[in-house]
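In what follows, a structure is listed as structure tokens, so that the remarks can point back to it.
The values are calculated or read from the model by the stated rules, or taken from the named source; none is laboratory data. A quick note: this is a predicted structure, and the numbers were derived from the prediction, not measured. Positions of Cβ are generated from backbone atoms using ideal geometry, with glycine treated the same way; all protein chains shown enter the neighbour counts. Ligands, DNA and RNA are stripped out before the accessible areas are found, and what is left, the full protein with its side chains, is counted by its heavy atoms. Shrake-Rupley method; radii C 1.70, N 1.55, O 1.52, S 1.80 Å.
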Amino acid sequence: MIRLAFRVLPTLAALLTGVLACAPARSGEEGRLDVVTTTGMITDIVARVGGERVRVTGLMGPGIDPHLYKASAGDVRTLSTADLIFYNGLHLEAAMGEVLGEMDGRVRTQAVTGGIPSGRLLSPPGYSGQFDPHVWFDVSLWIHAVDTVARTLEEVDPAGALGYRANADALIRELEDLDSWIRERVAEVPEERRLLVTAHDAFNYFGKAYGFRVEGLLGLSTAAEAGTGDVGRLVSLILDTGVPAIFVETSIPVRTIEAVQAAVHARGKHVEIGGTLFSDAMGDPGTGEGTYRGMVRHNVDTIVGALLRPGGLAEDG
């Protein structure tokens, strides 16, 4: 069973107390809200919905694993002087749990997953009854997050309500088009080839929404290390199904999937690494993959392209 880390370092806990006790009053400089976000996917929503009325500071950049991210002293100061904090919730930011808990009641905090109907959340076996936090890979669920961001901004800044709602409605229309595009694109892959093997279980919502079987080397959290049994399970699956490609993730060391590839090689077969997927973090700012829409399109194109390669699992050598 995965054990999630909820404690911050003792020195950071002490700093947190000190910072909150003497934090300066928020200035409201230029009449803009100072909003802090955790993951890049949330930063993208808030920037789009907030427009010119918000100043957004994202804590987690490209390649950062939110499961393991711990707030630095600088992060604590940034959080403590914000007008509003948006985070994913569902224990995605597990190592920041205590910091976010301390902020609640002092600074307005909001989990963007709070508006998703609980009946649409996944709770995989072995996860102690908790929900899978990787909701952004079902675009129809991420639309709920957009609505939650808009409603929260409207409550905090009623003067900007009409603008927030207009921005949110425009973004929601884009995401509805994106959801339709994904369904058309994945329909190109025959059902028998719709097996997605990745570094960790970040793509279960994607699989359920768009018709893929998903298998990860690690579990929902990356806090645990993969064992030989985990590798052996995936190797057997790859050999049994003949899937032609497996995938690495930008926020997880490539060696996790290379270990699976090497184990397949040891059994006399060769499986391609089909490409790199963005899972818990987006791409670099200013690139297509540095936006939510661009990240999703990159992932889908990479998956479809790799699984449509001629042939299947190859003989090694």
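A few comments on the model shown:
- Amide H contacts of ASP132 (H built 1.01 Å from N, under 5 Å, at least 5 apart or other chain): LEU122, SER123
- log10 of Debye I(q)/I(0), alpha-carbon scatterers only, for the range 167-317 at 0.12 Å⁻¹: -0.51
- Rolling a 1.4 Å probe across the protein heavy atoms gives the range 159-260 an accessible surface of 42 Å² per residue.
- Protection-proxy order for peptides 115-124, 91-100, 52-61, each taking the mean of Cβ atoms within 10 Å per residue, highest first: 91-100, 52-61, 115-124
- A simple rule links phi to the HN-Hα coupling: the Karplus curve 6.51 cos²θ - 1.76 cosθ + 1.60 with θ = phi - 60°, which for the range 50-58 gives x, x, 6, 8, 10, 10, 9, 10, x Hz, with x for Gly and Pro.
- Near-label residues of the range 256-284 by backbone N, under 12 Å of a point 7 Å along Cα→Cβ of SER236: none
- Between the range 158-194 and the range 67-109, the Cα center-to-center distance that results, in Å: 28 Å
- Here is how the number arises for the chain: DSSP H runs of 4 or more residues each give -39500 (n - 2.57), the sum is divided by the residue count, and the result at 222 nm is -13000 deg cm²/dmol.
- Derived scalar couplings between HN and Hα for the range 98-108 equal 5, 5, 5, x, 5, 6, 4, x, 9, 10, 5 Hz in order, rounded to whole Hz, by the Karplus curve 6.51 cos²θ - 1.76 cosθ + 1.60 (θ = phi - 60°), x for Gly and Pro.
- A simple charge model with +1 on the Cβ of Lys and Arg, -1 on the Cβ of Asp and Glu and nothing else charged puts the dipole of the chain at about 320 debye relative to its Cα centre.
- What you get for the range 102-159, charging only the Cβ of Lys and Arg (+1) and of Asp and Glu (-1), is a dipole of about 100 debye around the Cα centre.
- In the range 103-187, a dipole from Cβ-located charges (positive for Lys and Arg, negative for Asp and Glu) runs towards its positive end, and of ALA145, ALA187, ALA168 it is ALA145 whose Cα lies farthest in that direction.
- Less than 5 angstrom separates the built amide H of ALA111 from those of TYR87, all sequence-distant by 5 or more or on a different chain.
- Amide H contacts under 5 Å for LEU218, placed H, 5+ residues apart: HIS200, ASP201
- Antiparallel content of DSSP bridges confined to the chain, in %, to 5: 10 percent
- Linear extension gain, THR57 paired with ALA187, 0.36 nm per residue minus alpha-carbon span: 43.0 nm
- Protein accessible area in the range 173-317, 1.4 Å probe - carbon and sulfur %: 48 percent
- Contact order normalised by residue count of the range 94-206, Cα under 8 Å, 6+ apart, percent: 26 percent
- The range 74-207 - charge dipole about Cα centre, Lys and Arg +1 at Cβ, Asp and Glu -1, debye rounded to 20: 80 debye
- Panel values: the chain, Kirkwood radius from alpha carbon pairs, Stokes-Einstein at 37 °C and 0.692 mPa s, translational diffusion coefficient 159 µm²/s.
- Per-residue ³J(HN,Hα) for the range 35-44, Karplus 6.51 cos²θ - 1.76 cosθ + 1.60, θ = phi - 60°, Hz, x for Gly and Pro: 10, 10, 10, 8, 7, x, 5, 6, 4, 4
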